[in-house]
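Okay, so here's the structure we're looking at.
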Amino acid sequence: MRISLLILGLFFYGGLMAQETATTASYSLEDAVNFAVLNSNTIRNARVDILDAEQNVRERLSTGLPQFNASLDFTHYLKVPVLPLPEAFANGDPNAPTSIAFQRKNNFTGGLSLSSMLFDGSFFVGLRAAKASRSYFNLQLEDAQRQIRSQVTQSYFPVLLLSTNVQILDRNIANLESLLRETEAQYEAGFVEQLDVDRLQLSLRNLRANRADVEQQRENALRALKFTLNYPEDQELAVADDLDQLEIGVEEAALTADIPYQQRSELRVLDEALVLQDLNVDLQRAAYLPRLDATAAAQYQYQGDNLSDGFWAPTVLVGVSAFIPIYDFGGRSARLQRARLAKEKVVNQRDDLRRSIALEVLNARGTFNTARERLNDNRENLDLAQRIYDVTQIKYKEGVGSSIETVQAEQQLYEAQANYLNALYDTLVAKENLYLALGR
C-alpha cells in the first residue's frame, strides 16, 4: 500500500514538473529587450571588447614600468675548446704545450637584471590611447544595445499585431457562426432563402481560411522573434503586451525641439574615434623624440672541471642607453601624414552622420504625424463600420434587412478592423523609430 502511494506521489510530482516545464513564457516588449540584451552574442562581444580594453591599458602601462628578470645557464663541455699557442711561446722546449684552454668543463651562470624606460614619448601617448579605447568600446556597447532594442522592436510588434488579429478573427468567426445558426433556423422556418444561408457559409469559410493564414504568419513572426532574442526554439514564447493598451503618444518636444545629436551613440562613437585619431597623430610625432633606457644587472659565474673545486666570478653592471632618430628618408613623415589623413576621413564621416541623423529625425517626425492622423481616421471608421454592422444585424434579425446588406456590412467591418490594426501598428513602429532617431 505504501509503495502504491509512493508511485502515485511520484506520478503526481512528475505531472506537476512536466506542467511547470511546459509553461509558456510571456514577455512584454521591455522583457524581450532585456532578455535580448542578456543573451545577444553581439552584446557579449561588446562586453568582451571592454574587458580586452582594460587589459590593454594594463599591458601598455607595464611597458613603461621597471622589468625584473632572472637567468640561469649551465654548460658542460664534453670537449673543452682550446686555442693554439705560437711557436715562440715554447721557447725551444719540445715538451711545451701547443694549445691552451680558457674554459673549464662545467660553467654555471645565474643573474638578475633590471631594465626601465626613462623616457619614451610614444609610451605616454600609447597609454592615453589605451584609456581612450576603453571609452570607445563602452560607447560601442551602448550602440549595440540600441541596435538590439531596434531589432527586438521590429520583431516584437509583428507578433503582437498578428496575435491581436487572430483574436479579432476568432470573435468575428464566433459572431458569424451565431448569425449562421440563427439564419439556418429561420430558413427551416421558411422565413429566409437558401441563398441567405449560402452567403453566410461562404463568408464563414473565407474567414476561417483567413484565420489560418494569419495564424501561420504569426508562427513565422514568432520564430523570427525567438531568433532575434536568441531564445531557445524548442521552448514556448508568447507576447504579453496588449496592442490597444500600448502608449502611442509622444511629448511635444520630441516633435518640435532641436535635434539632440549628442544623444545618438553613433555620433559619440565617432567623437571618441576622433580622439583616438588625434592620439595617433601625437604617436607619430613622438617617433621624432629620442628614447632613453636604463639597465642594471648582477650575476655570478662558476667555472670548474668538476662541481667542487671551481671558482665563482661575480659581475655587476649598470648602464644607460639612448636611441636618437636622425633621418629615415621620410618614413616617419609619411606615417604622420597618413595619421592626419585618417583623421580627416573620420571628420568627414562625422559630418555625413550628422546630416543623416537630421534627415532621419525629420522623416521620423513626419512619418509619426502621418501615422497618428491615419490612426485617428481609421479609429473613427472602425466605430462607424461597427455601428453599421450592428444596425444591419438588427434589421436582418427583424426581417427588414437583406443578407446582402449584412454581408456587405460584415466585409466593411472586417476591412475597417484590418485598417485600424495596420494603422495602430504603423503608429507604434513610427513612435519607436522616432525615439530611436532621437537617440533614446
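The values are calculated or read from the model by the stated rules, or taken from the named source; none is laboratory data. What you see is a predicted model, and the numbers here were worked out from it, not measured in a lab. Note: ideal-geometry Cβ built from the backbone for every residue, glycine included; neighbour counts use all protein chains shown. Surface areas here come from the heavy atoms of the whole protein model, side chains and all, with no ligands, DNA or RNA. Shrake-Rupley method; radii C 1.70, N 1.55, O 1.52, S 1.80 Å.
Add -39500 (n - 2.57) for each DSSP H run of 4 or more in the chain, then divide by its residues: what number comes out at 222 nm, to the nearest 500 deg cm²/dmol? Mind showing how you got there, number by number?
Numbers: 9 runs with 287 residues, N = 440.
The per-residue figure over the chain is -23500 deg cm²/dmol.
Which aspartates and glutamates, if any, have their Cα less than 17 Å from the Cα of Lys431, not counting same-chain residues under 8 positions apart?
Counting by Cα, and skipping residues close in sequence, Lys431 has these aspartates and glutamates nearby: Glu30, Asp241, Asp242, Asp244, Glu247, Glu251, Glu252, Glu360, Glu373.
Could you pull out every one of the lysines with an alpha carbon less than 28 Å from that of Lys105, ignoring same-chain neighbours closer than 8 positions?
Once the sequence-local lysines are set aside, what remains near Lys105 is Lys79.
Within 14 Å, Cβ to Cβ, of Asp49, how many net charges do the neighbouring residues add up to if Lys/Arg are +1 and Asp/Glu are -1?
Numbers: positive: Arg44, Arg47, Arg134; negative: Asp52, Glu54, Glu142, Asp143, Glu272.
That sum, taken over residues with Cβ under 14 Å, equals -2.
Place a point 7 Å from the Cα of Gln349 along the Cα-to-Cβ direction; which residues of the range 417-440 have their backbone N under 14 Å from it?
none
Expressed in whole Å with the largest first, what are the equivalent ellipsoid semi-axes of the chain derived from the C-alpha gyration tensor as the square root of 5 times each eigenvalue? Please list the in-between numbers first.
Values: eigenvalues 1416, 233, 54 Å².
One finds semi-axes of 84, 34, 16 Å for the chain.
For the range 122-186, what does the accessible surface come to per residue with a 1.4 Å probe? Please give it in Å².
Working: 2670 Å² over 65 residues.
Averaged over the residues of the range 122-186, the accessible area is 41 Å².
May I ask you to derive the relative contact order of the chain, considering only C-alpha pairs under 8 Å and at least 6 residues apart, and to give it as an integer percent? Don't skip to the end; give the middle numbers.
Values: 510 pairs, mean separation 96.4, N = 440.
Over the chain, the number comes to 22 percent.
Tally up the carbon and sulfur contribution to the accessible surface of the chain as a whole percent, 1.4 Å probe, everything protein left in place. Mind dumping the intermediate values first?
Working: 14820 of 26880 Å².
Looking at the chain in its full context, I get 55 percent from C and S.
At a threshold of 8 angstrom on Cα-Cα distance, excluding pairs fewer than six apart, so keeping six or more, what relative contact order does the range 152-263 reach in percent? Walk me through the numbers on the way to the answer.
Details: 59 pairs, mean separation 45.4, N = 112.
Worked out over the range 152-263, it gives 41 percent.
Note down the magnitude of the dipole of the range 122-213 about its Cα centre, charges +1 on Lys and Arg C-beta and -1 on Asp and Glu C-beta and zero elsewhere, to the nearest 20 debye. Present the calculation step by step, with values, prior to reporting the outcome.
Working: 11 positive and 11 negative charges, 251 e Å.
In debye, rounded to 20, the range 122-213 gives about 1200.
Can you give me the relative contact order of the range 355-440 as a percent, contacts being Cα pairs under 8 Å and 6 or more apart? Each step should come with its number before you reach the end.
Values: 57 pairs, mean separation 42.2, N = 86.
Rounded, it is 49 percent for the range 355-440.
Near Lys395, which aspartates and glutamates are there with a Cα under 13 Å away, not counting those fewer than 8 places off in the same chain?
Output for Lys395: Glu405.
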